[in-house]
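Notes follow once the structure below has been shown.
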Amino acid sequence: MSATAAALLLALRARGVDNTDLRHCVHEASHALDAKMRGKWTNTAVSAAMKRLGPGRAAASELLARAVEQIVCARLGVETKTLDHWVGVSCMEAIKFRDPFLSYPEALAAARRSMGTKAAEARAAEILALAKEKP
């Protein structure tokens, strides 16, 4: 893992993200930023924040987070599974928790469209900048 990737992982964990996988931490950070969270970014707190956003905004946040995690991992040279895989995980999680969500083809198309957007690029940059800040 590069020094920048390690610094980002430490910065996200200092904010409360309770995982050691950089991709997962970036995903949770994207959600936390969407929800404008002030407290610790634990999985439980982020999940609760997503519920408060409502199903439409939560689904949009999920697809943006999937795009952002791909962008950040690619920039840092961190290997991760494909967008197709992680969107499939999002769909399965929605089924498991009975959350309204898109079908897999719709979700994948939306996540792919997100990849090149200014919003995804800006969020990736915002998360990457956290490696240089004090929490």
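Coordinate-derived values only; no laboratory data. These numbers were taken from a predicted model, which means no experiment stands behind them. So basically every Cβ, Gly included, is an ideal-geometry build from the backbone, and we count neighbours across all protein chains shown.
GluC sites (Glu not before Pro), restricted to segment 2-111: which are DSSP loop and have at most 13 other Cβ atoms within 10 Å? Let's see the in-between values first.
Working: sites: GLU28, GLU62, GLU69, GLU79, GLU93, GLU106; in loops: GLU79.
Answer in residue order: GLU79.
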Quiz item: Of THR20, THR42, THR80, which has the largest mean-square fluctuation in a 10 Å C-alpha GNM of the chain?
Solution: THR20
Quiz prompt | Centre separation in Å (Cα based) which lies between segment 68-111 and segment 4-30 | solution = 17 Å
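What is the total of Lys pairs in the chain with C-alpha atoms under 20 Å apart, excluding same-chain pairs fewer than 8 positions apart?
Here the count comes out as 8.
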Exercise. Mind pulling the angle between the C-alpha long axis of helix 43-53 and the longest principal axis of the chain? Nearest 10 degrees, somewhere in 0 to 90.
Key: 50 degrees
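Per DSSP H run of at least 4 residues, take -39500 (n - 2.57); add these up for the chain, divide by its residues and hand me the 222 nm value, nearest 500 deg cm²/dmol.
Working: 7 runs with 97 residues, N = 135.
The helix contribution divided over the chain gives -23000 deg cm²/dmol.
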Exercise. Mind telling me which of ALA111, ALA29, ALA122 comes out most flexible in a GNM of the chain, alpha-carbon contacts under 10 Å?
Key: ALA122
Practice problem: Mind telling me which of ALA74, ALA45, ALA124 comes out most flexible in a GNM of the chain, alpha-carbon contacts under 10 Å? | Solution: ALA74
Self-check item: Dipole of segment 75-135 [Lys/Arg +1, Asp/Glu -1 at C-beta], most positive-end residue of ILE95, ALA120, LEU83
Solution: ALA120
